[in-house]
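Encoded as structure tokens, the structure appears first; notes follow it.
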Amino acid sequence: MSDLDLKASASRSVTSTRISDCLIVTVPDDLGGSQMDALREATLQAIHGVPTRAVIFELSSLRFLDSEEFNGLKSIAHMTQRLGSSSIFVGLHPGIVAHLVQADADLGGIKAELGLSEALRSLSVGLA
């Protein structure tokens with residue numbers, strides 16, 4: 001397997017891409033309704049039985065994120081950690097971060113990077 005192994009899959013508007021031993025999950029712009037369940041199912045299914053060093057949750061499409069939705073994302077991240085993968089949130093908009101801080105959301109236990117490039121660099125994943 002090459003260092004750059006791209007495989008894309010979609011499950012109910014949840015898209016994931018594998019780069020080397022990392023999974024990038026593109027979070028849909030709306031986590032209401034059954035979308036959080038679809039995100040959890042797609043993420044856990046994508047790492048089940050496949051060695052995955054890290055799951056990167058790409059969140060740049062989210063314009064709004066309340067504390068409940070954030071806790072749902074954090075729960076999925078903790079599930080991936082229990083399955084042996086580290087997790088990183090990327091692409092959070094400054095307004096969302098400000099809202100979570102003002103709402104006194106528990107931000108502990110989550111690693112975050114500004115963008116996908118920084119996350120891959122922090123994991124020493126080469127793209128060349």
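Where a number appears in this text, it was derived from the coordinates with a stated rule and is not lab data. A quick note: this is a predicted structure, and the numbers were derived from the prediction, not measured. Every residue, glycine as well, gets a Cβ built from its backbone with ideal geometry; the counts of neighbours run over all protein chains shown.
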3J(HN,Hα) from dihedral phi, the stretch 62-67, Karplus parametrisation 6.51/-1.76/1.60, rounded to Hz, x for glycine, proline: 6, 9, 9, 8, 8, 4
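Taking 0.36 nm per residue of sequence separation and subtracting the Cα-Cα distance, how much length would be gained by fully extending the chain between S13 and H93, in nm to one decimal?
On the way: separation 80, 0.36 × 80 = 28.80 nm, distance 2.09 nm.
Length gained between S13 and H93: 26.7 nm.
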Contact order relative to length of the stretch 42-97, as percent, for alpha carbon pairs under 8 angstrom and 6 or more apart: 51
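Can you work out the FRET efficiency for the pair R63 and D37, with r the C-beta to C-beta distance and R0 = 25 Å, to the nearest 0.05? Write down the numbers at each step before the final one.
Numbers: r = 21 Å, r/R0 = 0.83.
My answer for the efficiency is 0.75.
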Sparse-neighbourhood loop sites, chymotrypsin sites (Phe, Trp or Tyr not before Pro) in the stretch 18-109 - DSSP loop, at most 16 other Cβ within 10 angstrom: F64
Nonlocal amide H pairs with I19, under 5 Å, H built at 1.01 Å: I24
Helix 35-47 axis, angle to the chain major axis (alpha carbon atoms, nearest 10°): 30
Charge context of A103, other residues only, Cβ under 15 angstrom, K/R +1, D/E -1: -4
Range of Cα positions in the chain per principal axis (Å), largest first: 44, 28, 25
J(HN,Hα) series, the stretch 82-93, from Karplus relation 6.51 cos²θ - 1.76 cosθ + 1.60, nearest Hz, glycine and proline x: 5, 8, x, 10, 6, 9, 9, 9, 10, x, 5, 6
Cβ-defined net charge surrounding E69, 15 Å radius [Lys, Arg +1; Asp, Glu -1]: -3
Stretch gain in nm, segment L114-Q45, where the contour uses 0.36 nm per residue and the Cα spacing is subtracted: 22.2 nm
Under Karplus coefficients 6.51, -1.76 and 1.60, residue-wise ³J(HN,Hα) of the stretch 15-20 in Hz, glycine/proline x: 10, 10, 9, 9, 10, 6
